[in-house]
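Right, one structure below, let's go through it.
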Protein chains: 2
Amino acid sequence: MTFIEKLEQSWERSNSLVCVGLDPDLGRLPAHLSRDAAGVLAFHRAIIDATRDLVCAYKPQIAYFAAAGLEDVLLATIAHIREHAPHVPIILDAKRGDIGSTAEQYALEAFTRYGADAVTVNPYMGSDTLEPFLRYRDRGVVVLCRTSNPGAGDFQDLEINGRPLYELVAERAATQWNAAGNCLLVVGATWPQQLARVRAIVGDMPLLVPGVGAQGGDVEQLVRAGRTARGTGLLVNSSRAILYASRGSDFASAARAATIELQQLINRYRQD
Amino acid sequence: MTFIEKLEQSWERSNSLVCVGLDPDLGRLPAHLSRDAAGVLAFHRAIIDATRDLVCAYKPQIAYFAAAGLEDVLLATIAHIREHAPHVPIILDAKRGDIGSTAEQYALEAFTRYGADAVTVNPYMGSDTLEPFLRYRDRGVVVLCRTSNPGAGDFQDLEINGRPLYELVAERAATQWNAAGNCLLVVGATWPQQLARVRAIVGDMPLLVPGVGAQGGDVEQLVRAGRTARGTGLLVNSSRAILYASRGSDFASAARAATIELQQLINRYRQD
């Protein structure tokens, strides 16, 4: 089964466009968990068990694992998802990008070492640097387009013959990178107008949308701007607002409640 | 001592602009070494011992370590450089880039976990995503500008009001990101005209120049295009052409010979 097929089944099965980001910040773990590998893994297992029927995808952010030397915890977290939520695709958020021979190594890291279903990548270096990822036709390649951060426009909004750079990235995705149907784009929830522009360019291509929750994106606006005609096409990521909904021993049920709240808020605007 | 001070002393001490890239490809190790962590570490130690008086920097490429789960070998390789070549700065080639809170984690990975003197980063997401790295004022932050790969121009050459994107990146580096004097740029050896344009924009800012050797960049052209008035300002990286100069038991002496050859070729054009 390809990543896209798995994602479509996951949207259907969960009735949810919520993607939960796993960003293990040692300093923000629930107070009763140890600040070490065992604590992080216990935290992730509980979060996954509490949300696995409510999400269309999980998105571990590799930076948090790498900063703390927790590669084994990332592997164990992925193994837990495979065992207890086998239908939920895993997007490794790594934003890799390098010359072809090095990109091949990064593709091995994401798809072979960690066995991710999809990986995020950066387009700045050009099409040939995305090719080693896209060659894995059964995996998803999620290319940065218009990101959620305050400075996203510094380069992404620069106009080339009257069109912003991020639109040219979206066009390349639609006309070139998606030949095998395995390309997705990142568009921040904080920019609903740009999200609508990208949706108009890429047809039904799935869009990974970070920036709700801690970053403040408006759910109604983003869903109206980004949904497809079928009311899907979006992976709305929330990390901190779900993971750290409570720092008490009720953190897992608080995460579940926060996920349901986001799921229902999104679903309100998928079809109307 | 800041990264830039260390680099300037290293240029002087070694009389060399050569940076050796450490890209441990298990399939290309010398035939007598084991295809595992011990083999890679023995390989790196021998390469370092054979070249440490001839180089201005080492540049481990983290993708190769990450693909093979060799984080401990990267740490041990860096420890070997610190012990046996303490004056040679280490640039972690990671090309990271993410929103601020995640970029902080990547900065921890590069500067704290691995203790690198500098790290390569990607500017696509905007200035606020570089800030968490630049805040380490004693470390170097090496921003992708005009890269060495065939598709580099796909986005980097797009013209905004008549000026290519990579020149706007160079301008931001010169006018904004280099406030603490710790910003560098990556410009590929394969594009000497673009290298000359960047040099004109950034003054004496050091430029990391990959693309000689396996990628085919012309040394005379790149040195003439990229040198500063003092005949420095460049870190000319070679990885595969040095590491894999021989696959026999003479690999270390072959690497030394290849490094000397590149050093001398570069030095021929530094001042004339």
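Bear in mind these aren't lab numbers, they're just calculated from the coordinates by the rules spelled out. Bear in mind the structure is a predicted one, so any value in this text is a computation, not a measurement. Cβ placement follows ideal geometry from the backbone for every residue including glycine, while neighbour counts extend to all protein chains displayed.
Which residues, taken from segment B:78-111, are crowded, with 24+ Cβ neighbours inside 10 Å and aromatic (Phe, Trp, Tyr)?
The one that is crowded, with 24+ Cβ neighbours inside 10 Å and aromatic (Phe, Trp, Tyr): B:Tyr106.
Filter segment A:78-107 down to the residues that are assigned to a strand (DSSP E or B) and either under 17 Å from A:Cys183 (Cβ atoms) or of a type in the set (Phe, Trp, Tyr) (or both) and list them by number. If you could, list the steps in order and put the result at the bottom.
So in segment A:78-107, the residues assigned to a strand (DSSP E or B) come out as A:90-96.
A:Ile91, A:Leu92, A:Asp93, A:Ala94, A:Lys95, A:Arg96 - these are the residues of segment A:78-107 that are assigned to a strand (DSSP E or B) and either under 17 Å from A:Cys183 (Cβ atoms) or of a type in the set (Phe, Trp, Tyr) (or both).
Which residues, counting only those in segment B:27-62, are within 14 Å of another protein chain (Cβ to nearest Cβ), under 16 Å from B:Ile90 (Cβ atoms) and hydrophobic (A, V, I, L, M, F, W, C)? Steps first, please.
Just the residues of segment B:27-62 that are within 14 Å of another protein chain (Cβ to nearest Cβ), to begin with: B:27-28, B:37, B:40, B:59-62.
Add one more test, that the residue is under 16 Å from B:Ile90 (Cβ atoms), and what stays is B:59-62.
Hit for segment B:27-62 is B:Ile62, nothing else.
Go through (1) free of Cβ contacts under 8 Å to residues at least 60 places away in the same chain; (2) under 29 Å from B:Asn149 (Cα atoms) and name the single condition A:Thr77 misses.
The failed condition is (2).
Where the second residue is surrounded by 15 or more Cβ atoms within 10 Å (Cβ to Cβ) and among the hydroxyl-bearing types (Ser, Thr, Tyr) and the first is over 12 Å from A:Leu235 (Cα atoms) and in contact (Cβ under 8 Å) with a residue 12 or more places away in the chain and lies in segment A:1-27, which pairs have Cβ atoms under 7 Å and are six or more apart or on separate chains?
A:Leu22/A:Tyr58; A:Leu22/A:Thr77; A:Asp23/A:Tyr64; A:Asp23/A:Ser239; A:Pro24/A:Tyr64; A:Asp25/A:Tyr64
Where the second residue is assigned to a loop (DSSP other than H, G, I, E, B) and hydrophobic (A, V, I, L, M, F, W, C) and the first is within 11 Å of another protein chain (Cβ to nearest Cβ) and lies in segment B:88-105, which pairs have Cβ atoms under 6 Å and are six or more apart or on separate chains?
B:Gly97/B:Met125
Those residues that are more than 15 Å from A:Arg28 (Cα to Cα) and more than 19 Å from the chain's Cα centre (by Cα), I need them from segment A:225-263; list them, please. Talk me through it step by step, then tell me what you get.
Of all residues in segment A:225-263, those more than 15 Å from A:Arg28 (Cα to Cα) come to A:225-238, A:253, A:256-263.
Residues satisfying the conditions are A:Ala229, A:Arg230, A:Ser253, A:Ala257.
Using the structure shown, decide if A:Thr232 is in contact with a Cys (Cβ under 9 Å, 6 or more places away or on another chain), within 28 Å of A:Asp138 (Cβ to Cβ) and of a type outside the set (Phe, Trp, Tyr).
Values: in contact with a Cys (Cβ under 9 Å, 6 or more places away or on another chain): yes; within 28 Å of A:Asp138 (Cβ to Cβ): yes; of a type outside the set (Phe, Trp, Tyr): yes.
Here the answer is yes, as A:Thr232 does meet what is asked.
Can you run down the residue pairs with Cβ atoms below 6 Å, 6 or more apart or on separate chains, where the first is in segment B:168-185 and under 18 Å from B:Gln156 (Cβ atoms) and the partner is of a type in the set (Gly, Ala, Ser)?
B:Cys183/B:Ala173; B:Leu184/B:Gly140; B:Leu185/B:Ala173
Please determine whether any residue of segment B:58-71 is under 30 Å from B:Asn267 (Cα atoms) and of a type in the set (Gly, Ala, Ser).
No - not one qualifying residue is present in segment B:58-71.
Cβ contacts < 7 Å: first residue at the interface with chain A (Cβ under 8 Å from one of its Cβ atoms) and free of Cβ contacts under 8 Å to residues at least 40 places away in the same chain, restricted to segment B:108-128; second residue surrounded by fewer than 24 Cβ atoms within 10 Å (Cβ to Cβ) and of a type in the set (D, E, K, R), any location; separation 6+ or different chain. Result?
B:Gly126/A:Asp154
I need the full set of residues from segment B:215-242 which are in a helix (DSSP H, G or I), crowded, with 16+ Cβ neighbours inside 10 Å and in contact with a helix residue (DSSP H, G or I) (Cβ under 8 Å, 6 or more places away or on another chain), in order please.
Within segment B:215-242, B:Val219, B:Gln221, B:Leu222, B:Val223, B:Ala225, B:Gly226, B:Ala241, B:Ile242 meet the criteria.
When you scan segment B:180-187, do you find a residue that is away from chain A (no Cβ under 14 Å) and farther than 18 Å from B:Ile91 by Cβ, even just one?
So in segment B:180-187, the residues away from chain A (no Cβ under 14 Å) come out as B:180-184.
If we keep only those that are farther than 18 Å from B:Ile91 by Cβ too, we end up with none.
No - not one qualifying residue is present in segment B:180-187.
Look through A:Arg146, A:Arg197 and report the one residue that is more than 14 Å from chain B (Cβ to nearest Cβ), in contact (Cβ under 8 Å) with a residue 24 or more places away in the chain, touching a helix residue (DSSP H, G or I) at 6+ places or on another chain (Cβ under 7 Å) and under 30 Å from A:Glu261 (Cα atoms). Before you say what the answer is, go through the steps one by one.
Working: A:Arg146 fails: more than 14 Å from chain B (Cβ to nearest Cβ).
From the options A:Arg146, A:Arg197, the qualifying one is A:Arg197.
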